[in-house]
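Only one structure is covered here, and it is reproduced in the block below.
The values are calculated or read from the model by the stated rules, or taken from the named source; none is laboratory data. Model, not experiment: these values are computed from the prediction. FYI the Cβ positions are ideal-geometry reconstructions off the backbone, even for glycines, and counts take in every protein chain you see.
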Amino acid sequence: MALPEAAPIYDFRAVAEADLPVIAGWLALPHAAAWWGDPATEIASVREHIDSDSVEPLVVELAGRPIAYLQSYDPHLEDEHPYADQPFGTLGIDLLIGPAALTGIGHGPAIITQFTEALFEEGAPRVIADPHPDNGRAIRAYEKAGFRPLGERSSHYGRVLLMAIDSPEGNFEE
């Protein structure tokens, strides 16, 4: 099943406590479990971020149906964040397509593109992502959305390929 020629319009809404069982179920699926941490640990982190200033956990909906989990974060709001070397105002994102049947058909790049454009409209100069270097599917999704690799890193998140896309406005405050 391929996406229609015109990219779908996704809705992004804040995660609520009632969403946690659905997200936990997604985290336990093989396509997610291979790249995300222990589902119980991950869902506890999502729960903590519901009222966070540094991380915004979101449910991605298509036609009113939850299909993905996305979080946006500011690496400059956490002490000793490994990506605090990025330009001020940079935001990071992580994406998990929930149902396995919705992976590999274009939702990832489409969601990333729509959300990144919204972050640029809000003034972000750069958006980063940090897939595992062996997660080819995620890397391709970010590349299709315009991200470029900045290089591999090791941190408390493990090995990552730091990727970035810069605002077409070039609004850096270096």
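Given region 84-174, what strands (runs of 3 or more DSSP E) lie entirely inside it while holding 2 or more residues that are at pLDDT 95 or above and of a type in the set (A, V, I, L, M, F, W, C)?
91-97, 126-129, 158-166
Given the structure, is Glu122 of a type outside the set (A, V, I, L, M, F, W, C) and surrounded by fewer than 14 Cβ atoms within 10 Å (Cβ to Cβ)?
yes
Hey, could you check region 98-119 for residues that are β-branched (Val, Ile, Thr) and in contact (Cβ under 8 Å) with a residue 60 or more places away in the chain and say which is nearest to Ala145 (Cα to Cα)?
The residue in question is Thr113.
Among the residues of region 91-102, count how many are over 17 Å from Asp166 (Cβ atoms) and either among the aliphatic types (A, V, I, L, M) or surrounded by fewer than 19 Cβ atoms within 10 Å (Cβ to Cβ) (or both). Let's see the steps before the verdict.
We begin by selecting, within region 91-102, every residue over 17 Å from Asp166 (Cβ atoms); these are 94-102.
Those left that are additionally either among the aliphatic types (A, V, I, L, M) or surrounded by fewer than 19 Cβ atoms within 10 Å (Cβ to Cβ) (or both): 94-97, 99-102.
Qualifying residue count, region 91-102: 8.
Find the residue count for region 69-90, including only residues that are charged (D, E, K, R) and surrounded by 14 or more Cβ atoms within 10 Å (Cβ to Cβ).
Number of matching residues: 2.
Thr116: closer than 26 Å to Ser167 by Cβ and of a type in the set (Val, Ile, Thr), yes or no?
It is true that Thr116 is closer than 26 Å to Ser167 by Cβ and of a type in the set (Val, Ile, Thr).
Of these, Ala138, Ala84, which one is closer than 22 Å to His49 by Cβ, of a type in the set (A, V, I, L, M, F, W, C) and without any contact (Cβ under 8 Å) to a residue 12 or more places away in the chain?
Selected residue: Ala84, the only one of Ala138, Ala84 that is closer than 22 Å to His49 by Cβ, of a type in the set (A, V, I, L, M, F, W, C) and without any contact (Cβ under 8 Å) to a residue 12 or more places away in the chain.
So which of Pro30, Pro39, Pro66 ends up being under 25 Å from Asn135 (Cα atoms), in contact (Cβ under 8 Å) with a residue 12 or more places away in the chain and exposed (fewer than 15 other Cβ atoms within 10 Å of the Cβ)?
Values: Pro39 fails: exposed (fewer than 15 other Cβ atoms within 10 Å of the Cβ); Pro66 fails: exposed (fewer than 15 other Cβ atoms within 10 Å of the Cβ).
Going through Pro30, Pro39, Pro66 in turn, the sole match is Pro30.
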